[in-house]
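Since the structure comes first, as structure tokens, the remarks are kept for the end.
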Amino acid sequence: MVNGRSSLKVRVKNQSAQTRFAVLYVPGCVINVKLKPPKPPVFEEPLDAGNFTRTDTGESFEVTLSGTAPPNFPPNRITDLSAEIQEDTVLLNWTAPGEDLDQGTAKSYKIRWSFDLKMLRFNFSNGHSVNTTAVSPQKAGSVEQHSFNLNITIQNGTTLFFAVQSEDKQKAKSETSNIAQASKILPAPKPPGISNPDINLVLVISLCVVTMVICFIVAVVICAVKRRKRSAQSDIALIIANECQNNLYA
């Protein structure tokens, strides 16, 4: 860029080819020193537009260089921080910001936590600090994950709040991220005397099977005893009949 007035002209041509209509995102675009809204989804749609030529002239603008270095923009604010407590370990996830807004790679992160949501939101520096020396920021847009143990015992029912700030090489700090909340909820202990319902079902079925087997064995034994008794009674009756017949002939 040089001092003076400049203008901009854009010309688009389509010569015997298929035109594609696309919604694009311009990275790093700044409006009033704030990031644009989150990136919209990028999509393309085929469009049969035929041959055409379009020319458009933008407004002119004036460039005045002061000779000083361009402004240093801090990393953009993290807006998707999430937290989860697994036993006594805290797991954080977020999307990496850039060195300047959403471009490049930030230098470092600061992670703080608190029992008080408002304190962490309005006085980030007063929160409890988390050791982030092992966290190396990735390129803007990457998924960041960090797990750590706190220097306290997390009791059942405890709710904690977490926030992150990023910093660039010129020590410019981002705004405090969204506040992520995580709770440790352990399952309630089972009442005494009540065991696993699946085990109870197996025990009931096993008991029924054993009872049926015992009943079957008892029934078989009873039938065998009755048959023996009937056989013995028939033998006695036959003996008595033979004795009577012998006495009669005698």
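Assorted remarks:
- Phi angles of the stretch 102-108 translate, via the Karplus equation with coefficients 6.51, -1.76, 1.60 and θ = phi - 60°, into HN-Hα couplings of 10, 10, x, 9, 5, 7, 7 Hz per residue; Gly and Pro are given as x.
- Solvent accessible area, Å² - V2, 1.4 Å probe, full protein context: 110 Å²
- Segment Q15-I185, extension gain: residue separation times 0.36 nm, minus the distance between their alpha carbons: 54.8 nm
- When M212, M119 are compared by accessible surface with a 1.4 Å probe, the order from highest to lowest is M212, M119.
- Cβ-Cβ distance of T89 and T132, R₀ of 22 Å, FRET efficiency by 1/(1 + (r/R0)^6): the value works out to about 0.90.
- Label sites at S142 and V204, each approximated as a point 7 angstrom past Cα along Cα to Cβ, lie 5.6 nm apart.
- Label positions at A49 and V213, each projected 7 Å from the Cα along the C-beta direction, are separated by 8.3 nm.
- Residues whose placed amide H lies under 5 Å from that of S108, excluding near-sequence neighbours: E167
- Sequence-ordered 3J(HN,Hα) estimates for the stretch 115-125 from the Karplus curve with 6.51, -1.76 and 1.60 and θ = phi - 60° stand at 7, 10, 4, 5, 4, 5, 6, 9, 9, 4, 5 Hz, glycine and proline given as x.
- Solvent-accessible surface (1.4 angstrom probe) belonging to R121, in square angstrom, nearest 10: 130 Å²
The values are calculated or read from the model by the stated rules, or taken from the named source; none is laboratory data. Everything numeric in this text was worked out from a predicted model, so none of it was measured. Counting neighbours? That spans all protein chains shown, and the Cβs are built from the backbone with ideal geometry, glycine included. What goes into the accessible areas is simple: the full protein's heavy atoms, side chains included, and nothing from ligands, DNA or RNA. Shrake-Rupley method; radii C 1.70, N 1.55, O 1.52, S 1.80 Å.
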